[in-house]
Amino acid sequence: MTVLLSEMTRDQIKHLAPEAIAVLPTASIEQHGPHLPVLTDTLLCGTVAQRGAELAAEQIPVVVAPVLCYGNSHHHRPFAGVLSLSSQTFMTAVTEVLEGLVLSGFRQLVVLNGHGGNTDSNAVVGLDFANRLGHPVKIATGAYWDIARPALVEKGLMAGHLIPGHAGRFETALVMAIRPELVNQEGLGQARNVSQENKGLFDALAGAMTQVHGAWGAGPGYTDNPAAATPEEGRAMLDVIVGRIANFLIAFHRRPGVKSSQA
């Protein structure tokens, strides 16, 4: 049986919901340099969510909602193709989608993020949603790369500071593994290694979230060196990421929390 909520009937959803995890992937439609499509975050997060859920479904009930493809990407303006929501609008959208899942009977919710601009907003939604009257749920929010980073580093697949980057080696390798035809080879050939330009800067600012007006628009629109990516590396990382997401979902499902009888 499919894990995709969009492919289920209302009766199938109603039957599964009380005991199943509902996963809401959040992503973006935004520029990813001259070499990757604006679909990148949505493609990667949706793929990881579905494959991780399919693996976890061998042990637990899990359902994946359609990807919320519009995120907070204002910082990538004025590049073309940036279809962005303000933080407040995004948080409202996530909250109302989660409410729909609760009304469908789900009591275990995971917001799986695939775009850095959504991270803080998702955390705020999760904090507020878990403590709202009438929402007897357990909820987790997190980015797929944060869940998988320790395993990727341990296996020597990618240095931690390159995960996730933006349209750099990490994301480029994953797109090469999933939809290689979407990688613009001409654009990739034009990419240069920008990691050395900011060497030491981010280390000095570690531990703080720093925003600089217009910074993305003034740069090339990607980090580190996307030309260093390979599809082999992408496939190896994807296997690890999917496995870690599956393990996370299984552990979350088994963690004590709200029971369906309390709904």
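Laid out as a table, the results:
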item	result
Residue match in the range 63-75 (condition: part of a helix (DSSP H, G or I) and closer than 23 Å to D120 by Cβ)	yes
Residue tally, condition touching a helix residue (DSSP H, G or I) at 6+ places or on another chain (Cβ under 9 Å) and more than 14 Å from G71 (Cβ to Cβ), over the range 103-123	7
Residue among G160, G71 that is in contact with a Leu (Cβ under 9 Å, 6 or more places away or on another chain), surrounded by fewer than 15 Cβ atoms within 10 Å (Cβ to Cβ) and within 20 Å of T172 (Cβ to Cβ)	G160
Inter-residue pairs, beta-carbon under 7 Å, first at negative phi and in the range 115-126, second charged (D, E, K, R), 6+ apart	H115/D41
Of the criteria (1) hydrophobic (A, V, I, L, M, F, W, C); (2) closer than 29 Å to R254 by Cβ; (3) open to solvent by 10 Å² or more (accessible area, probe 1.4 Å), which one L43 fails	(2)
Cβ-Cβ under 8 Å pairs, at least 6 apart or on other chains, the range 72-94 side hydroxyl-bearing (S, T, Y), far side assigned to a helix (DSSP H, G or I) and open to solvent by 50 Å² or more (accessible area, probe 1.4 Å)	S84/H74; S86/H74
Wholly enclosed helices (runs of 4 or more DSSP H) of the range 85-201 bearing at least 3 residues modelled with pLDDT of 95 or more and in contact with a Lys or Arg (Cβ under 7 Å, 6 or more places away or on another chain)	144-154
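The values are calculated or read from the model by the stated rules, or taken from the named source; none is laboratory data. This one's a predicted model, so the numbers in the text were calculated from it and none came from an experiment. Every residue, glycine among them, receives a Cβ derived from its backbone with ideal geometry; neighbour counts consider all protein chains shown. In case anyone asks, the SASA skips ligands and DNA or RNA and just uses the protein heavy atoms, side chains included. Shrake-Rupley method; radii C 1.70, N 1.55, O 1.52, S 1.80 Å.
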